[in-house]
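What follows is a single structure, written as structure tokens, with notes after it.
The values are calculated or read from the model by the stated rules, or taken from the named source; none is laboratory data. As the structure is a prediction and not an experimental result, all values here were calculated from the model. Virtual Cβ from ideal backbone geometry, glycine too; neighbours counted across all protein chains shown. Heavy atoms of the whole protein, side chains included, go into the accessibility calculation; ligands, DNA and RNA do not. Shrake-Rupley method; radii C 1.70, N 1.55, O 1.52, S 1.80 Å.
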Amino acid sequence: MNNSVKDLATDLENWMSLIPQELRRMPIINIAIPGSHDSFTANITSNSDISPDAEEIVKELSVLGPIFKEVIARWSKTQCYLANDQLIRGIRYFDLRTSTKEGTDDLYIVHTLYSVPIQTCLDEINSFLDLHPKEVVIMDFQHFFGFDETLHKKFMQDISTTFGSKILPYDGKMNNITLDSMAQNKYQVIIIYRIDGTTFWPSACFPNPWPNTVSIPTLIQSLNDNLKKRQKDIAFISQCVLTPDAKFILEHVLSSLEEECAKKLENYRSKWIEAQVAGECGLNIIIADFIDLSDCKYVRDVINVNQSLLKVLNK
């Protein structure tokens, strides 16, 4: 980072509140925002139950018992922190898989195994926002397992009840949404709900292409290609994650997603982020696994991409 340029990530807990006013007046679709991938999987352990999103081979092999479950847990856990601990470290976008669970009415976060009840995370987010009135959180409900129409309606009502008037209503227009405008209207939450016919923000406003590769060069090329195709009047999510398949996991069965994917990608990810600019058709939302690595360097790198906007404004 150029020492002559102000570090925008000195206070991760309050970074949106503290960034220069020029940036708070920019459309949020033009601001670089750090997010987490499969956000609330920190509670996954070898004691967690197999969840409905698991591949059939995982369900079939689960009869092998604790040793197999221990392997699956190491490759299913993508984060070390739940909601509040990610928020105070600067994460402002959450990627969520939600499922029913037999024997309870609670809905759970899942990623091959069950993690934490989703309401626990929603309550943590709401409490954080109560204490940080100028911070904004984007929640992306990507996948639903075991849901029918009735349950969708109930869950959407639970979300609305939790956040109330903090939720930004959907109106299809994104160029006029700024951190300032949201604060003035006391909005702090953007809900993306990826099924048709809801009152929340739809998939079309937040394209989220999945590279689906374990190759670092292929991932970087995909990130570059997808950004080049970005539309200027909607948001855009860059998935900076490696996705191991069953063959890769078997080849590294004694290791973990963190060791074989997140840590090996980290330096390449940093270099790619540092080469990006924010602004129209620039880097917007980006998601990563294990956001805590190297004292949250990923989060700091993303926030400081917004320096590129200041350089343009100050010319």
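Starting from segment 254-272, keep only residues that are closer than 21 Å to Asp225 by Cα, then list their pairs with residues that are part of a helix (DSSP H, G or I) and hydrophobic (A, V, I, L, M, F, W, C) whose Cβ atoms are within a distance under 7 Å, requiring at least 6 positions of separation or different chains.
Note: pairs meeting the criteria are Leu265/Ile216; Glu266/Leu293; Tyr268/Ile216; Tyr268/Ile220; Trp272/Ile220; Trp272/Leu223.
Take the residues of segment 206-236 that are of a type in the set (Ser, Thr, Tyr) and part of a helix (DSSP H, G or I): which is nearest to Ile192 (Cα to Cα)?
My answer is Ser222.
Do the conditions hold for Tyr114, that is, is it within 24 Å of Phe236 (Cα to Cα) and of a type in the set (Ser, Thr, Tyr)?
Spelling it out, it is not the case that Tyr114 is within 24 Å of Phe236 (Cα to Cα) and of a type in the set (Ser, Thr, Tyr).
Just the residues that are within 19 Å of Asn43 (Cα to Cα), in contact (Cβ under 8 Å) with a residue 24 or more places away in the chain and open to solvent by 20 Å² or more (accessible area, probe 1.4 Å), please, taken from segment 115-141.
Gln119, Thr120, Asp123, Glu124
Kindly evaluate Ser160 against the criterion of being more than 30 Å from Thr10 (Cα to Cα), of a type in the set (Gly, Ala, Ser) and at pLDDT 95 or above.
yes
I'd like to verify a number: residues in segment 223-241 that are in contact with a helix residue (DSSP H, G or I) (Cβ under 6 Å, 6 or more places away or on another chain) and open to solvent by 10 Å² or more (accessible area, probe 1.4 Å), how many?
Qualifying residue count, segment 223-241: 1.
Within the set of pairs 6+ apart or on separate chains, which have a first residue in segment 70-82 that is in contact (Cβ under 8 Å) with a residue 12 or more places away in the chain and farther than 11 Å from Leu113 by Cβ, a second that is surrounded by fewer than 24 Cβ atoms within 10 Å (Cβ to Cβ) and among the basic types (Lys, Arg), and C-beta atoms under 9 Å apart?
Sorted first by the residue in segment 70-82, then by its partner, the pairs are Tyr81/Arg89.
Can you name the residue in segment 93-114 that is over 17 Å from the mean Cα position of the chain (by Cα) and among the hydroxyl-bearing types (Ser, Thr, Tyr) and, of all such residues, is least open to solvent (accessible area, probe 1.4 Å)?
Here the answer is Ser99.
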